[in-house]
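Undergrad: Sharing a structure below in structure tokens format, with a few things to ask.
The values are calculated or read from the model by the stated rules, or taken from the named source; none is laboratory data. Keep in mind the model is a prediction, meaning the values are calculated, not measured. Positions of Cβ are generated from backbone atoms using ideal geometry, with glycine treated the same way; all protein chains shown enter the neighbour counts. Just the protein is used for accessible areas: all its heavy atoms, side chains included, with ligands, DNA and RNA removed. Shrake-Rupley method; radii C 1.70, N 1.55, O 1.52, S 1.80 Å.
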Amino acid sequence: MAILIAVTDRDVRPLKEKMEQQLPADTEVWIYPDVPDPAQVRMVVLWKHPPDLLRQLPNLRVISSLGAGVEHILNDPGLPQPVIITRVVDPQLTLSMRNYVVMAVLNIHKRLGFYLQNQQQQKWEKPSPVERSLQVGMLGLGALGSDIARFLSDMGFEVTGFSRSRKEIPGLDCMNAEDHTIEAFARRVNLLICLLPLTPDTEGILNYRLFSHMPKGSALINVARGGHLVETDLLRAMEDGYIREAYLDVFGQEPLPVGHPFWTRAGIVLTPHVASITDQDNAAAILAENYRRMAQEEPLLFEVDPSAGY
Ligand code: NDP
Ligand code: OXD
């Protein structure tokens, strides 16, 4: 039996090595495109995998994302049935995302953009007020969103969360799609953080209509997926004053093409999909444990519900 790692955007030899240390000696770990016998592959680990790969693996039982998101798996037209889909949920991934979001929130709160701009002109000026008062809205209260929302609340920010199902989280004002409209949520916040999974329901959710329910001068942090944001709507919402600042880590097309208006739009800070990156040692432990569970026919860690899309 074999595990195939099909990850095309990074060196995954450390992941293979760590997995091998934790797996039974007779389990092969291959790195795509080195697949000596596709029929032996029972588990595959995917990130930016080649199209048509899944159709070539006739005995696949488990597909794991190397990250938290799974839309690249669920949208694969070659997805076999039945199959178990899992993902990575890891304290290190959460900590790293928390640090990114806190960095962006504090920059917005402390008005760093204002000072950076003034520094270019050697201008000494104190804004009024010196700190922006923020009502934070966390879209998505899952593994990442709930942790970060709680952390921001502990830092003293007022935080409202929005999830699909009802939740009660100490320190947060929780709203949900069963009882509230997303527009009612948007009206309460002037900083929107997106930590939703990309599903048919959430695609394009960050759009002009939503932004226009937020107070003028609001801010956006999108660290989830580029597909959540209607990019032209953000530019329009910035023109019309609803959004003043945006921190964007993810884009419809990655790498973001040269000449894209986001590169030069004042008020946008962009990073190349680095908000939080899976730690290969920790992922290896999860994957090896899931391989053991698969062999023992036990429930796997961090299974995805394909009907929900996450
Ligand atoms: P989870 O699956 O743990 O949580 C998803 C949350 O979104 C849940 O609270 C869920 O609600 C909510 N949700 C889903 N659909 C809707 C909807 N239609 N309306 C309202 N709420 C909804 O995801 P994670 O927290 O682990 O990760 C979130 C995303 O972050 C990932 O899918 C990935 O795309 C992105 N990510 C980005 C990274 C980066 O570097 N930029 C790194 C890691 C992740 P409920 O609780 O009711 O189910
Ligand atoms: C993820 C990511 O989903 O890195 O883990 O985007």
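Undergrad: In segment 69-80, is there at least one residue being open to solvent by 50 Å² or more (accessible area, probe 1.4 Å) and away from ligand 1 (no atom under 16 Å from the Cβ)? Explain how you work it out, then say what you get.
TA: Initially, segment 69-80 is screened for residues open to solvent by 50 Å² or more (accessible area, probe 1.4 Å), giving 75, 77.
Retained after the next criterion (residues that are away from ligand 1 (no atom under 16 Å from the Cβ)): 77.
Yes, segment 69-80 contains at least one residue that is open to solvent by 50 Å² or more (accessible area, probe 1.4 Å) and away from ligand 1 (no atom under 16 Å from the Cβ).
Undergrad: Here's something else I'd like to know. If you take the residues of segment 1-41 that are among the small types (Gly, Ala, Ser) and exposed (fewer than 14 other Cβ atoms within 10 Å of the Cβ), which of them is nearest to SER64 (Cα to Cα)?
TA: So in segment 1-41, the residues among the small types (Gly, Ala, Ser) come out as 2, 6, 25, 39.
Then keep just the ones that are exposed (fewer than 14 other Cβ atoms within 10 Å of the Cβ); that gives 25, 39.
Numbers: ALA25: 21, ALA39: 18 Å.
If we take residues in segment 1-41 being among the small types (Gly, Ala, Ser) and exposed (fewer than 14 other Cβ atoms within 10 Å of the Cβ), then ALA39 is nearest to SER64 (Cα to Cα).
Undergrad: For segment 233-282, name all the residues that are loosely packed, with under 13 Cβ neighbours inside 10 Å, within 28 Å of SER65 (Cβ to Cβ) and either away from ligand 2 (no atom under 16 Å from the Cβ) or at pLDDT below 95 (or both).
TA: The answer is PRO257, and nothing else.
Undergrad: Being surrounded by 19 or more Cβ atoms within 10 Å (Cβ to Cβ), polar (S, T, N, Q) and touching a residue at least 12 places away in the same chain (Cβ under 8 Å) is true for just one of ASN207, ASN222. Which residue is that? Quick ask: steps written out before the conclusion?
TA: Numbers: ASN207 fails: surrounded by 19 or more Cβ atoms within 10 Å (Cβ to Cβ).
Result: ASN222 is the single residue among ASN207, ASN222 that is surrounded by 19 or more Cβ atoms within 10 Å (Cβ to Cβ), polar (S, T, N, Q) and touching a residue at least 12 places away in the same chain (Cβ under 8 Å).
Undergrad: State all residues of segment 83-135 that are closer than 30 Å to SER307 by Cα and of a type in the set (Val, Ile, Thr); if no residue qualifies, say none.
TA: VAL83, ILE84, ILE85, THR86, VAL88, VAL89, THR94, VAL101
Undergrad: Okay, next question. Report, ordered by the first and then the second residue, all pairs with beta carbons closer than 6 Å, sequence separation of six or more or different chains, a first member in segment 48-60 that is under 24 Å from ILE277 (Cβ atoms), and a second member that is not in a loop (DSSP other than H, G, I, E, B).
TA: The qualifying pairs are HIS49/ALA6; LEU53/ALA6.
Undergrad: So, one more: Looking at (1) farther than 30 Å from GLN40 by Cα; (2) surrounded by fewer than 17 Cβ atoms within 10 Å (Cβ to Cβ), which one does THR202 not meet, given that it meets all the others?
TA: Against the list (1) farther than 30 Å from GLN40 by Cα; (2) surrounded by fewer than 17 Cβ atoms within 10 Å (Cβ to Cβ), THR202 comes up short only on (2).
Undergrad: Another one. Search segment 161-189 for residues that are at positive phi and surrounded by fewer than 20 Cβ atoms within 10 Å (Cβ to Cβ) and pair each with any residue that is modelled with pLDDT of 95 or more and among the acidic types (Asp, Glu) when their beta-carbon atoms are under 9 Å apart and the residues are at least 6 apart or on different chains.
TA: Filtered contacts from segment 161-189: GLY171/ASP154.
Undergrad: Looking at ASP11, ASP34, can you tell me which residue is under 20 Å from ASP279 (Cα atoms), assigned to a loop (DSSP other than H, G, I, E, B) and out of contact with any Ser or Thr (no Cβ under 7 Å at 6 or more places or on another chain)? Steps first, answer last, please.
TA: Working: ASP34 fails: under 20 Å from ASP279 (Cα atoms).
The match here is ASP11.
Undergrad: Now for a different question. Has segment 107-125 got at least one residue that is of a type in the set (D, E, K, R) and in contact with a strand residue (DSSP E or B) (Cβ under 8 Å, 6 or more places away or on another chain)? Spell out how you get there, then give the answer.
TA: Initial filter on segment 107-125 (of a type in the set (D, E, K, R)): 110-111, 123, 125.
This time we only want the ones that are in contact with a strand residue (DSSP E or B) (Cβ under 8 Å, 6 or more places away or on another chain), so: none.
No, every residue in segment 107-125 fails to be of a type in the set (D, E, K, R) and in contact with a strand residue (DSSP E or B) (Cβ under 8 Å, 6 or more places away or on another chain).
Undergrad: State whether the residues of segment 216-230 include one that is within 16 Å of ligand 1 (Cβ to nearest atom) and among the charged types (D, E, K, R).
TA: So far as segment 216-230 goes, yes, one or more of its residues are within 16 Å of ligand 1 (Cβ to nearest atom) and among the charged types (D, E, K, R).
Undergrad: Okay, moving on. Could you tell me whether ILE286 is within 13 Å of ligand 2 (Cβ to nearest atom), at pLDDT 95 or above and in a helix (DSSP H, G or I)? Step through it out loud before you land on a result.
TA: Numbers: within 13 Å of ligand 2 (Cβ to nearest atom): yes; at pLDDT 95 or above: yes; in a helix (DSSP H, G or I): yes.
When the stated conditions are applied, ILE286 passes them.
Undergrad: For segment 85-97: of the residues being open to solvent by less than 60 Å² (accessible area, probe 1.4 Å) and in contact with an Asp or Glu (Cβ under 6 Å, 6 or more places away or on another chain), which is farthest from MET294 (Cα to Cα)?
TA: Within segment 85-97, the match that is farthest from MET294 (Cα to Cα) is THR94.
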